Amino acid sequence: MQIYLVQHGKSRPKEEDPRKSLTSEGEDEVGRIAQTAGAYNVQTRIIIHSGKKRAAQTAEIMSDFLKPAQGIETWENLNPMDDALPWAEKIEGHDRIMLVGHLPFLERLTNFLVAGDPENRVIKFQNGAIICLEKEDQSWHIKWTLMPRIE
C-alpha cells in the first residue's frame, strides 16, 4: 500500500493575500514536480486536500499531470494544526491516495507512521514536494521523494 503526501506549493504572505494563494514560483515548482511524477508514471486514485486555497491549487496542478481516476476531493481535518494521529486509521485500505496539506500536520503524520512518534522527525518537507510512504509487513517506510530543491 502506498500513499503520497504533498505539502502545498509556496504561497503568498497572509498580509498580501488573506487566502494565501500560490505564488508564481509555487505554481512553477508544483508543476515541475507533478510533471516529473507523471513522467515516472506515478498513479494515484484520488487527490484529497484540506480546502485551503493553496492546497486546492496544488491539488489541481497535481491532477493535471497525474489524472486520478476518482478526481479531487476536499476532506476535513487536514489543516496545519489538526491531529494527524486519527489519519493513521483513516488511510488504512486506501492505496495510492494523495493528501495535499500543510505543516506541521503532514510531518506529524509521517513521523507517526514511520517512527511511531509524531514528534520524532524522520524527514523535512518542502513546499511542493511529494513523499511516497509504503506499508509492507505492517510497517511504514519512506519509499521515495520528489523535492523541488536540493538543500
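Brief remarks follow.
- Criterion (under 18 Å from ALA129 (Cβ atoms), in contact (Cβ under 8 Å) with a residue 12 or more places away in the chain and loosely packed, with under 15 Cβ neighbours inside 10 Å) met by exactly one of THR36, THR44: THR36
- From the list GLU107, GLU89, GLU76, the lone residue that is outside any helix (DSSP H, G or I) and not small (Gly, Ala, Ser) is GLU76.
- Qualifying residue in region 109-124 (condition: in contact with a His (Cβ under 8 Å, 6 or more places away or on another chain), touching a residue at least 12 places away in the same chain (Cβ under 8 Å) and not aromatic (Phe, Trp, Tyr)): yes
- Scope region 52-76; condition within 23 Å of ILE142 (Cα to Cα) and either at pLDDT below 95 or within 12 Å of the chain's Cα centre (by Cα) (or both); matching residues: ALA55, THR58, ALA59, MET62
- The residue pairs whose first member lies in region 71-95 and is farther than 21 Å from VAL114 by Cβ and among the small types (Gly, Ala, Ser), whose second member is at pLDDT 95 or above and surrounded by 13 or more Cβ atoms within 10 Å (Cβ to Cβ), and whose beta carbons are closer than 8 Å, counting only pairs six or more residues apart or on different chains, are GLY71/ILE46; GLY71/ILE47; GLY71/SER63.
- Selection status of GLY101, surrounded by 14 or more Cβ atoms within 10 Å (Cβ to Cβ) and either within 20 Å of ARG19 (Cα to Cα) or out of contact with any strand residue (DSSP E or B) (no Cβ under 8 Å at 6 or more places or on another chain) (or both): yes
The values are calculated or read from the model by the stated rules, or taken from the named source; none is laboratory data. Quick caveat: nothing in here was measured; it's all calculated off a predicted structure. Methodologically, a virtual Cβ is constructed for each residue, glycine included, from the backbone with ideal geometry; neighbour enumeration extends over all protein chains shown.
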